[in-house]
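The values are calculated or read from the model by the stated rules, or taken from the named source; none is laboratory data. It should be emphasised that the depicted structure is a prediction, and the values quoted were computed from it without experimental measurement. With ideal geometry, Cβ positions are generated from the backbone for all residues, glycine too; neighbour counts draw on all protein chains shown. When the accessible area is computed, the model is the full protein with side chains, heavy atoms only, and any ligands, DNA or RNA have been set aside. Shrake-Rupley method; radii C 1.70, N 1.55, O 1.52, S 1.80 Å.
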Amino acid sequence: MRLRTVLASTSAALAAATCLTAAGPAHAVAHACSPSVSIDRFSDALDKTTYDGTFVGNLSALAVDRDGSPAALSDRSSLFDLDAKTLQPEGVVPLADENGTALDSEGLVIDRDGTRLVTSETEPSIRRYSPDGRILDRLPVPPSLQVAPAGRAVSNGTFEGLTMLPGGRTLLASMEYALSGDSAGIVRFQTWQRHARAFELGAQYAYRTDTGLGVPEVQALPDGRLLVLERGFTAGVGNTVRLYLADPRRATDTSGIENLTGQDGVRLIKKTLLTDLAACPSLGATAKQPQPNPLLDNIEGMAITGRGKGGLKVLLVSDDNQNAVQTTRFYYLRVRV
């Protein structure tokens, strides 16, 4: 999405930079961002490139296919298959709604049968697509989560994150910003339960972001906890991007609560800061606009790609908005939870 300008804290101290560049080897020693997170390397190899006549950018979501290769979703309605080692595109599928109109596609899950679950931030919506881009189904969305005037959501602030919980029976989508009538910073996470081949509305939970930040992505861990990205932008300063560990398992089901205003008896999703990415070593990265750390950009996509020495392998990607002063950048993290 095109980021709104928000006030965001930039007080995190920068770690000492090292000389590992984007072309650094895959086996390079990881560098600590915090006690829980380290960064192996980054890559700008796809920045301002094209594949088969399609611009490779505007990347808003990542997912891992059944063969272990990553897929990247553009918010301009294109879904790229990427090579697992080089991240070079190997295929692209255009997506559209039932009328053939392009999506503001922001969230992606590849289901166990190979179908693609894709959010569009416009309505918002979640559709199921075949691997070749045919619409198979459309999931129900609570009226309150629809963009005003149909509902209470703000335009360009709806379903940004999408993930499948362990077991493959529960789908979870994260709103980016609060609904009208809810307290600022309290965003809703909606779930769906799989019944046979269909998904039906399930429980809903509330999550409080840091001041001025929204939720661009969420990913489920094997134990039911979540990795949650929070992000904001301050003109003249740059991006704030923080990674949290969140636990929805004892949170209150808020689907029947019209306004979330901090009332007693509502247990929010518990969260623990893993790192502020401004504290990562810059690894020789450069930025085309002011940033608290030149490594940072408009990070929107996240996928857990495996487990290795040092923790979970987590891949992030930034959305360049097809803008000359922003970069399509991939980040290779190790996360210990």
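Can you tell me how many residues in the range 173-184 are farther than 21 Å from Ala72 by Cα, hydrophobic (A, V, I, L, M, F, W, C) and crowded, with 17+ Cβ neighbours inside 10 Å?
Result for the range 173-184: 2.
Hey, can you tell me all the residues within the range 279-316 that are of a type in the set (S, T, N, Q) and either more than 12 Å from the chain's Cα centre (by Cα) or modelled with pLDDT under 95 (or both)?
Ser282, Thr286, Gln289, Gln291, Asn293, Thr305 - these are the residues of the range 279-316 that are of a type in the set (S, T, N, Q) and either more than 12 Å from the chain's Cα centre (by Cα) or modelled with pLDDT under 95 (or both).
Does Arg249 meet the test of being at pLDDT below 95 and either part of a loop (DSSP other than H, G, I, E, B) or touching a strand residue (DSSP E or B) at 6+ places or on another chain (Cβ under 7 Å) (or both)?
Taking the combined requirement at face value, the residue satisfies it.
Quick check on my filter: what residues within the range 106-125 are touching a strand residue (DSSP E or B) at 6+ places or on another chain (Cβ under 8 Å) and over 18 Å from Pro94 (Cβ atoms)?
The answer is Val109, Asp111, Glu123, Pro124.
Among the residues of the range 252-271, how many are touching a strand residue (DSSP E or B) at 6+ places or on another chain (Cβ under 6 Å) and within 16 Å of Gly185 (Cα to Cα)?
Count: 6.
Which of the residues belonging to the range 150-172 are open to solvent by less than 10 Å² (accessible area, probe 1.4 Å) and among the hydroxyl-bearing types (Ser, Thr, Tyr)?
Thr158, Thr163
So the check is Cβ under 8 Å with 6+ separation or different chains; which pairs have a first residue in the range 226-239 that's open to solvent by 10 Å² or more (accessible area, probe 1.4 Å) and a second one that's in a strand (DSSP E or B)?
Hits for this filter: Phe233/Asn239; Phe233/Thr240; Thr234/Thr240.
Take the residues in the range 317-337 that are of a type in the set (D, E, K, R) and more than 15 Å from the chain's Cα centre (by Cα), then tell me which one is surrounded by the fewest Cβ atoms within 10 Å (Cβ to Cβ).
Top of the filtered list is Arg336.
Could you check the range 90-108 and list, in sequence order, the residues that are assigned to a loop (DSSP other than H, G, I, E, B) and not β-branched (Val, Ile, Thr)?
Leu95, Ala96, Asp97, Glu98, Asn99, Gly100, Ala102, Leu103, Asp104
Would the range 264-278 turn up any residue that is buried (at least 16 other Cβ atoms within 10 Å of the Cβ) and over 23 Å from Thr163 (Cβ atoms)?
yes
Can you name every residue in the range 297-310 that is surrounded by fewer than 24 Cβ atoms within 10 Å (Cβ to Cβ) and either of a type in the set (D, E, K, R) or not in a strand (DSSP E or B) (or both)?
Within the range 297-310, Arg307, Lys309, Gly310 qualify.
When the range 62-99 is examined, which residues are found to be touching an Asp or Glu at 6+ places or on another chain (Cβ under 6 Å) and under 21 Å from Thr327 (Cβ atoms)?
Ala71, Asp75, Asp83, Val92
Looking at Leu201, Leu213, Leu260, can you tell me which residue is open to solvent by 20 Å² or more (accessible area, probe 1.4 Å), of a type in the set (A, V, I, L, M) and modelled with pLDDT of 95 or more?
After ruling out the rest, the residue left standing is Leu201.
Quick one: is Gln289 among the polar types (S, T, N, Q) and open to solvent by 50 Å² or more (accessible area, probe 1.4 Å)?
Against the criterion (among the polar types (S, T, N, Q) and open to solvent by 50 Å² or more (accessible area, probe 1.4 Å)), Gln289 does not qualify.
In the range 185-198, what count of residues is obtained for those that are surrounded by fewer than 21 Cβ atoms within 10 Å (Cβ to Cβ) and more than 13 Å from Ala173 (Cα to Cα)?
Qualifying residue count for the region: 6.
Name the strands (runs of 3 or more DSSP E) wholly within the range 25-89 that hold at least 1 residues that are more than 20 Å from Gly133 (Cα to Cα) and open to solvent by less than 10 Å² (accessible area, probe 1.4 Å)?
37-43
Any idea how many residues of the range 117-172 are basic (Lys, Arg) and closer than 17 Å to Glu200 by Cα?
Of the residues in the range 117-172, 4 are basic (Lys, Arg) and closer than 17 Å to Glu200 by Cα.
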